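Trainee: Take this structure, written in structure tokens, and hold onto it; I'll ask about it next.
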Amino acid sequence: MKLYKLSLALLLGAAALSSCNDKLELVNPNQQTTSTFGNTASDLEECVIAAYNHIRMEGSYARVGYTIDLCRGDEVWNCSQVWYLGFDDLNVDAGTDILEWSWREWYYTINVCNFITSRTEGELTDAMKRVRGQALFLRGLSYYNLAGYYQNPPLITDYSQYSSMKGLYASSSSYDAVLEQCEADFKEAMELLPKRDEGGEWAKGRATCGAAAGYYARTLMQRHKYEEALVVLKDIMNSADGGNQKYGAYKLMANYGDNFREGSAYENNDESLFEVQFLDYGTQGTDEEWTPVNTSSNATQGHAVESNCCPGTYGGWADLAASPWLYQLFKQEKTTAGKLDPRLYWTIGTYETDWEGFEYGNVAYQSTMTASNNVIVNTNNGGLPIAKNTNFRTGLYNSVTQGLHCGINLRMMRYADVLLRAAECENEINGPTQQAIDWINKVRARANLAGLQLSDFADADALFEQIANVERPKEFGCEFGRGFDLIRWGFFYDNDRLQQLKEHGTFRRSADASVAKDVVSYSDIATNSEFKSSYDTYVKGHEFLPVRQAVLNANPNLRGNSANYNSDNSVYFLGKGWTVHPVVK
């Protein structure tokens, strides 16, 4: 379902207009208030649509809220070396205004969801259950992102709090408390929402019980609750295998590229547990809607992730590029037919002889690439183009759909993630096991790669290395979520892992396209100014984003997080009894 733009102002207090004559009460039907609006499923459905709208704003998933996590990962670097630079270097200053954009968007969403939940308590009709379930899912999603970015954001769930200054100026909550609320929201949403198999609008973009279950498992894994998460993930997989249809049927798409194309033939497909809806290019409005403030009924309803990731040659903003490490990782293993992994085609926009006759061939925005004209992202600094979630490979357009115009839905959770997360949980509990290997091999089989053998992995550490630094980056490279994974795994709290991140994050700043695909080495940084690593400038605590100083100044009850104070989170991580897997070569 493509969710059209609705702007909804939720008033903090009831305001009724009345005359001086106490025998006559006048209410303006065009001036809705919280006392006259939100008492029916129809009213609250408008609120739900408003909440969905907020997750596709610039600070949520339409641009910055998506791309700053790409920067945090080791498979993407900031090739503009200007925009997003502090995020890429993991030392962003607390005065940076971009810091507030995600904070703003997610709290807008939470505000709407809190209003909905305040009106959907007690015994509910089926319609009200669906309304409440969607609000809980979207609130859980909001806090999942706020915790993953800002660590200790204020936890506000009671709409009635807003009538007091205490509610408006809430105190910071702990990382654990926020994630516990996410768990509660997703868990209740799992019970209220229908399966995607019910068809109609539920199969075309709204949150379902399967989406809630997937995010519930993700949230559990952020705090190493692997046994609980595995139970949920197995239930999702049982549905896919034709067993217990608790959450509906999901499966891997036969063509990996179908997860990153525009159009009804590909979007909201069988692999998608949840995706953010954007209107196809050419069907949109003309007003680019960057914030919740400048709303318009003629909004474009597209995203700008494509503009951030694509070369200036084709109209992109040339801000982000794929890391040489990710490219070389793809090159290390061929398919059973002796060809390159087809996921490389859809992830990184390079010329390869294997792409002749494959999909759209060696194409960049309908332009034919040759061995002698590899495309670089940034004119000054080079960089390998990110093809994923862009039209670099789709064959639809001859240039970037610049600004908030890209119509490709962003698949925020795919069934492939369920399989690889289940393998990770199984490995953490019992590993290495054949069951974990089997789940991994389902994902590899789609790419036509040979199956892994249990005998290849001496212990759980070895299989974890395969999952974390081979299988996940090749399947999800240049997608949202790698930054969350690195925090979950504790890679910032172990010297060997941090060194590994420095190696992965090494890149070459060069306008020479002929060297864009070359192997790079962290050891070259000391002697060659062309080389740099994103993680060399990492400051302790900056795996999270600081709370913007202006936000702290406005709320006397709010405190900063580890990034504001440059404090070491290893005390928290290791104090939980969690361990960082040692590097396995």
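Trainee: Once you keep just the Cα pairs under 8 angstrom separated by 6 or more residues, what percentage relative contact order results for segment 257-388?
Mentor: Numbers: 175 pairs, mean separation 28.0, N = 132.
Relative contact order, segment 257-388: 21 percent.
Trainee: A follow-up question, please. Could you work out what % of the accessible surface of segment 192-240 is carbon and sulfur, using a 1.4 angstrom probe and leaving DNA, RNA and ligands out of the count?
Mentor: Working: 630 of 1440 Å².
Result for segment 192-240: 43 percent of the exposed heavy-atom area is carbon or sulfur.
Trainee: Could I have the simple spin-label model distance between Asn255 and Val519, label points 7 Å from Cα toward Cβ, reported in nm to one decimal?
Mentor: Label at Asn255, label at Val519, 3.5 nm between them.
Trainee: Per residue, how much accessible area does the chain show when a 1.4 Å probe rolls over the protein heavy atoms, in square angstrom?
Mentor: On a per-residue basis, the chain sits at 37 Å².
Trainee: Report the full-extension gain for the segment Asp461 to Tyr360: residue separation times 0.36 nm, less the Cα-Cα distance, to one decimal in nm.
Mentor: 32.4 nm
Trainee: Given a cut-off of under 8 Å on Cα pairs at least six residues apart, what relative contact order in percent is computed for the chain?
Mentor: Computed over the chain, the figure is 18 percent.
Trainee: Another question, if that's okay. Restricting to DSSP loop positions (anything but H, G, I, E, B) with no more than 13 other Cβ atoms inside 10 Å of their own Cβ, which chymotrypsin sites (Phe, Trp or Tyr not before Pro) remain in segment 129-172?
Mentor: Loop-located and lightly packed - Tyr169.
Trainee: Sticking with this structure for a sec: Could you calculate the FRET efficiency of Ser118 with Val231 from 1/(1 + (r/R0)^6), where r is the beta carbon distance between them and R0 is 41 Å, rounded to 0.05?
Mentor: 0.85
Trainee: Going 7 Å from the Cα of Glu191 along its beta-carbon direction, which residues of segment 104-133 have the amide nitrogen within less than 18 Å of the resulting point?
Mentor: 117-133
Trainee: Take the chain, compute every pairwise Cα distance, and split them into 10 Å bins from 0; I just need the percent in each bin.
Mentor: With 10 Å bins starting at 0, P(r) equals 3, 17, 28, 28, 16, 5, 2, 1, 0.
Trainee: Something else: From Cα coordinates alone, what are the radius of gyration and Dmax values for segment 151-280 in angstrom?
Mentor: For segment 151-280, the Cα-based Rg and Dmax read 17.4, 54 Å.
Trainee: Please give me the summed charge of the neighbours of Gly312: other residues whose Cβ is under 14 Å from its Cβ, Lys and Arg +1, Asp and Glu -1.
Mentor: -2
Trainee: For Thr96 and Thr33, FRET efficiency with R0 = 41 Å and r from the beta-carbon atoms, rounded to 0.05?
Mentor: With a Förster radius of 41 Å, E is 0.65.
Trainee: Amide H of Lys532 versus every other amide H placed in the peptide plane: which residues, excluding those fewer than 5 positions away on the same chain, fall under 5 Å?
Mentor: Those qualifying (amide H under 5 Å, at least 5 residues apart or on another chain) are Phe507, Arg509.
Trainee: Starting with the highest mean, order 540-553, 355-368 by the number of other Cβ atoms within 10 Å, averaged over the residues of each peptide. Provide the component values of the computation, followed by the final result.
Mentor: Values: 540-553: 20.1, 355-368: 15.7.
The peptides rank, most packed first, as 540-553, 355-368.
Trainee: What percentage of the solvent-accessible surface of segment 326-438, computed with a 1.4 Å probe over protein heavy atoms, is contributed by carbon and sulfur atoms?
Mentor: 42
Trainee: With both bridge residues required to lie in the chain, what share of the DSSP beta bridges run antiparallel, to the nearest 5%?
Mentor: Working: 17 of 18 bridges.
DSSP beta bridges in the chain are roughly 95 percent antiparallel.
Trainee: Taking 7 Å along the Cα-to-C-beta vector as the label spot, tell me the Ser160-Val293 distance in nanometres, rounded to one decimal.
Mentor: In this crude label model, Ser160 to Val293 measures out at 3.3 nm.
Trainee: Return the carbon/sulfur percentage of the accessible area of segment 31-164, one whole number, probe 1.4 Å, all protein chains in place.
Mentor: On segment 31-164, the fraction of accessible area on carbon and sulfur atoms equals 47 percent.
Trainee: In terms of modelled amide H atoms, which long-range or inter-chain residues lie less than 5 Å from the amide H of Ser172?
Mentor: When sequence neighbours closer than 5 places are left aside, the close amide H contacts are Arg559.
Trainee: For Ser372 and Val583 in one chain, what is 0.36 nm times their gap in residues minus the Cα-Cα distance, to one decimal in nm? Present the calculation step by step, with values, prior to reporting the outcome.
Mentor: Details: separation 211, 0.36 × 211 = 75.96 nm, distance 3.75 nm.
Gain on stretching Ser372 to Val583: 72.2 nm.
Trainee: While we're looking at this one, here's another question. Under 8 Å for C-alpha pairs, at least 6 residues apart: give me the relative contact order for segment 199-268, rounded to a whole percent.
Mentor: 23
Trainee: Stretched out fully, how many nm does the piece from Ala511 to Ala337 gain, at 0.36 nm a residue minus the Cα gap?
Mentor: 59.2 nm
The values are calculated or read from the model by the stated rules, or taken from the named source; none is laboratory data. If you're wondering where the values come from, they're calculated on a predicted model, not measured in any experiment. Positions of Cβ are generated from backbone atoms using ideal geometry, with glycine treated the same way; all protein chains shown enter the neighbour counts. For the accessible areas, the whole protein counts, side chains as well, though only heavy atoms, and no ligand, DNA or RNA atoms are used. Shrake-Rupley method; radii C 1.70, N 1.55, O 1.52, S 1.80 Å.
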